[in-house]
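Participant: Pasting in a structure now, in C-alpha coordinates, and then I'll have a few things to ask.
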Amino acid sequence: MKEECNDLLHDLDHLLHGELAADKAASLKQHLEDCPPCFESADFQAQLKALVAKRCCEDVPDGLKARILGFLQDDASS
Ligand SMILES: [Zn+2]
(Lines give C-alpha, C1' and ligand atoms only; values in the text may rest on other atoms or scores of the structure.)
Protein backbone atom coordinates (compact mmCIF):
# COMPACT_ATOMS: atom_id res chain seq x y z
CA MET A 1 0.00 0.00 0.00
CA LYS A 2 1.39 3.39 -1.01
CA GLU A 3 1.95 6.08 1.59
CA GLU A 4 -0.33 8.50 -0.21
CA CYS A 5 -3.07 5.87 0.03
CA ASN A 6 -2.96 6.09 3.83
CA ASP A 7 -3.39 9.85 3.56
CA LEU A 8 -6.26 9.34 1.19
CA LEU A 9 -8.14 7.05 3.56
CA HIS A 10 -7.78 9.73 6.20
CA ASP A 11 -9.03 12.45 3.86
CA LEU A 12 -11.83 10.19 2.72
CA ASP A 13 -13.13 10.02 6.27
CA HIS A 14 -13.33 13.82 6.36
CA LEU A 15 -14.95 13.89 2.94
CA LEU A 16 -17.66 11.49 4.07
CA HIS A 17 -18.40 13.84 6.95
CA GLY A 18 -18.45 16.87 4.65
CA GLU A 19 -15.39 18.35 6.35
CA LEU A 20 -12.85 18.26 3.54
CA ALA A 21 -11.69 21.40 1.69
CA ALA A 22 -12.68 21.53 -1.98
CA ASP A 23 -9.10 21.48 -3.31
CA LYS A 24 -8.30 18.41 -1.20
CA ALA A 25 -11.47 16.71 -2.32
CA ALA A 26 -10.46 17.29 -5.95
CA SER A 27 -7.03 15.70 -5.52
CA LEU A 28 -8.64 12.86 -3.60
CA LYS A 29 -10.99 12.16 -6.49
CA GLN A 30 -8.03 12.28 -8.89
CA HIS A 31 -6.21 9.71 -6.78
CA LEU A 32 -9.26 7.46 -6.73
CA GLU A 33 -9.34 7.45 -10.52
CA ASP A 34 -5.68 6.41 -10.64
CA CYS A 35 -5.69 3.90 -7.80
CA PRO A 36 -8.18 0.99 -7.99
CA PRO A 37 -7.59 -0.26 -4.41
CA CYS A 38 -8.48 3.16 -3.04
CA PHE A 39 -11.44 3.43 -5.36
CA GLU A 40 -12.82 0.16 -3.98
CA SER A 41 -12.23 1.34 -0.42
CA ALA A 42 -13.97 4.63 -1.15
CA ASP A 43 -16.94 2.84 -2.63
CA PHE A 44 -17.16 0.63 0.43
CA GLN A 45 -17.00 3.59 2.79
CA ALA A 46 -19.60 5.55 0.82
CA GLN A 47 -21.96 2.59 0.99
CA LEU A 48 -21.33 2.23 4.70
CA LYS A 49 -22.06 5.92 5.27
CA ALA A 50 -25.33 5.60 3.34
CA LEU A 51 -26.27 2.58 5.42
CA VAL A 52 -25.55 4.39 8.68
CA ALA A 53 -27.48 7.49 7.55
CA LYS A 54 -30.47 5.31 6.68
CA ARG A 55 -30.50 4.02 10.23
CA CYS A 56 -30.83 7.57 11.55
CA CYS A 57 -27.43 7.49 13.21
CA GLU A 58 -25.07 10.01 11.62
CA ASP A 59 -22.11 9.21 13.85
CA VAL A 60 -20.35 5.92 13.34
CA PRO A 61 -18.99 4.72 16.69
CA ASP A 62 -15.21 5.15 16.94
CA GLY A 63 -14.70 1.47 17.64
CA LEU A 64 -16.62 0.47 14.53
CA LYS A 65 -14.82 3.05 12.39
CA ALA A 66 -11.44 1.77 13.61
CA ARG A 67 -12.44 -1.79 12.75
CA ILE A 68 -13.59 -0.75 9.28
CA LEU A 69 -10.43 1.24 8.59
CA GLY A 70 -8.33 -1.67 9.82
CA PHE A 71 -10.26 -3.98 7.53
CA LEU A 72 -9.80 -1.68 4.55
CA GLN A 73 -6.07 -1.33 5.15
CA ASP A 74 -5.58 -5.07 5.55
CA ASP A 75 -7.61 -5.67 2.45
CA ALA A 76 -5.72 -3.13 0.33
CA SER A 77 -2.28 -4.42 1.29
CA SER A 78 -3.00 -8.07 0.53
ZN1 LIG B 1 -4.32 4.77 -3.48
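The values are calculated or read from the model by the stated rules, or taken from the named source; none is laboratory data. What you see is a predicted model; the values in this text were computed from it and never measured. Note: ideal-geometry Cβ built from the backbone for every residue, glycine included; neighbour counts use all protein chains shown. SASA here: full protein model, heavy atoms, side chains in, ligands and nucleic acids out. Shrake-Rupley method; radii C 1.70, N 1.55, O 1.52, S 1.80 Å.
Participant: Provide ASP34, ASP11 ordered by accessible surface of protein heavy atoms (probe 1.4 Å), highest first.
Facilitator: These residues rank, largest area first, as ASP34, ASP11.
Participant: In nm, to one decimal, how far is the modelled label at LYS24 from the one at GLU40, with both set 7 Å along Cα→Cβ?
Facilitator: My value for the distance between the label points is 2.6 nm.
Participant: Around GLU4, with a cut-off of 13 angstrom between Cβ atoms, what is the net charge of the other residues, counting Lys and Arg +1 and Asp and Glu -1?
Facilitator: -2
Participant: Which order do LEU20, LEU12 take by accessible area at a 1.4 Å probe, largest first?
Facilitator: Numbers: LEU20 35, LEU12 5 Å².
Output order, biggest surface exposure first: LEU20, LEU12.
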